[in-house]
Amino acid sequence: MRLLSTTDPLPHQPPAGSNIINSSSRSSDTNAEDTEDVIDFGFKTVPRQQKEALVGQVFSNVASSYDIMNDLMSGGLHRLWKHRLVETLAPFAGMQHLDVAGGTGDVAFRVLRAIQTAEQIDRQQPQQWQAQQPQQQPGQQQQQQQQQQGAVTVFDINAEMLEVGKQRARAQGLATGLSWVQGNAEQLPFPDACMDSYTVAFGIRNVTDRHAALCEAHRVLRRGGRLLCLEFSQVSLPLLRQVYDAYSFNVIPKIGGLVAHDEASYQYLVESIRQFPDQESWADQIRDAGFKAVTYENLTGGVVAIHSGFKL
Amino acid sequence: MCQAAAGSTPQQQQSAAGSTAAVLDEALLAKLVCPLAKTPLRYDVEEQLLINDELGVGYPVVNGVPYLMPMRGRMLHQEGQEEGQQAGHS
């Protein structure tokens, strides 16, 4: 596979070199540049049509070492963040869940286990459960609820990440209730109102058209369904910010070079974090897609945030 | 558009040969629709394609994983055309 370069000319573009602008300034929080032909790729600016392929290369490169690098880069903190995400989600028996950009399965496995735990509890206490259900349509309703099993769909645009995820699932003995689908978050291959919940953990910042992805999330959720987004955000405390910046730009790419033999991809990852909107701006963008009761919770001083929205 | 090989690799195709996991799960099929038209898909087990008959587009299934990117859609019944339609979507 030929390495795609950001200087490759597109048919309608001017010659190589003139497309790329190295900018040290952050792009605006609004999606103003999304209406133009260029978009951020970390601190670089690239033709909009190229971003998807460039991001794809990054994740194909990092897929095999993705989980190790997460542990190294975050000092294991990513596990706590994901635990908090799933805790907030509070999976229930029979939940139909979609985990987007979740290729290696970290969040999906946690959700599936939580669903299965809830279902196990239900099975062990059937008498109490049935007594609490309304008797409006006794036979049909109870039959439907008893029969529907929880299901988690792992959705990712990158085949290598999905493959790593499938291997991890096999290694952990997870099979029933888990599905793997490749596709684009901007155009989900699921019908309207089919999901109870939607998570995206450390994936939305890599999507070219985030508004489209949010609208698709809104479309596939049932009424009452919940969107939960775990993503790097902006650290507000000045001292913590300096430490975080120094660590991010000086340490992480070097670790990437040593462990994953790919400093450039981790440079992109670090830069893409800085380009992502801050907590309030992102909450506004989620509202723009139709979500209600949008809130967020900062973790680790704002290094990451969990944004929540409901389809009502 | 230049497209990175996000689809099947030789490794995946090798592992798909003879694997019982190569066939798409019917339960999953019930939950999938065409990413463009959002209409149900027909599963062609022999060709390992998910087909939208209305649009004449087929999406590949590799090792049990459906590849439902619009870019991966292949126009059926048209010779020599590999990449799928974009339907005006950039």
Legend entry - Residue satisfying condition, being hydroxyl-bearing (Ser, Thr, Tyr), assigned to a helix (DSSP H, G or I) and buried (at least 20 other Cβ atoms within 10 Å of the Cβ), within set A:Tyr266, A:Tyr244: A:Tyr266
Legend entry - Options A:Val251, A:Val200: the member that is among the β-branched types (Val, Ile, Thr), closer than 25 Å to A:Thr104 by Cβ and not in a helix (DSSP H, G or I): A:Val200
Inset, instruction - Restricting attention to region A:67-97, report how many residues are on the phi > 0 side of the Ramachandran plot and surrounded by 14 or more Cβ atoms within 10 Å (Cβ to Cβ). - result: 1
Inset, instruction - Identify all residues within region B:38-60 that are among the hydrophobic types (A, V, I, L, M, F, W, C) and at the interface with chain A (Cβ under 10 Å from one of its Cβ atoms); write none if there are none. - result: B:Leu41, B:Leu50
Legend entry - Test result for A:Arg274, in contact (Cβ under 8 Å) with a residue 40 or more places away in the chain, within 26 Å of A:Pro47 (Cβ to Cβ) and surrounded by 20 or more Cβ atoms within 10 Å (Cβ to Cβ): no
Legend entry - Subset of region A:128-168 that is assigned to a helix (DSSP H, G or I) and of a type in the set (Gly, Ala, Ser) - its residue that is modelled with the lowest pLDDT: A:Gly139
Inset, instruction - Evaluate region A:169-183: report whether one residue or more is in a loop (DSSP other than H, G, I, E, B), at pLDDT 95 or above and within 13 Å of chain B (Cβ to nearest Cβ). - result: yes
Inset, instruction - Enumerate the pairs (first residue in region A:247-266 and in contact (Cβ under 8 Å) with a residue 24 or more places away in the chain; second residue anywhere and buried (at least 17 other Cβ atoms within 10 Å of the Cβ) and not in a helix (DSSP H, G or I)) with beta-carbon separation below 8 Å, excluding pairs fewer than 6 apart on the same chain, so at least 6 apart or on different chains. - result: A:Gly256/A:Asp262; A:Tyr266/A:Ala260
Inset, instruction - Look through region A:184-196, keep the residues that are assigned to a loop (DSSP other than H, G, I, E, B) and more than 9 Å from chain B (Cβ to nearest Cβ), and return whichever of them is surrounded by the most Cβ atoms within 10 Å (Cβ to Cβ). - result: A:Ala185
Inset, instruction - Scan region A:275-283 and give yes if some residue there is within 25 Å of A:Asn61 (Cα to Cα) and either under 20 Å from the mean Cα position of the chain (by Cα) or part of a helix (DSSP H, G or I) (or both), otherwise no. - result: yes
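The values are calculated or read from the model by the stated rules, or taken from the named source; none is laboratory data. The model shown is predicted, which means the values in this text are computed figures rather than measured ones. Here Cβ is always computed from backbone atoms with ideal geometry, including for glycine, and neighbour counts include all displayed protein chains.
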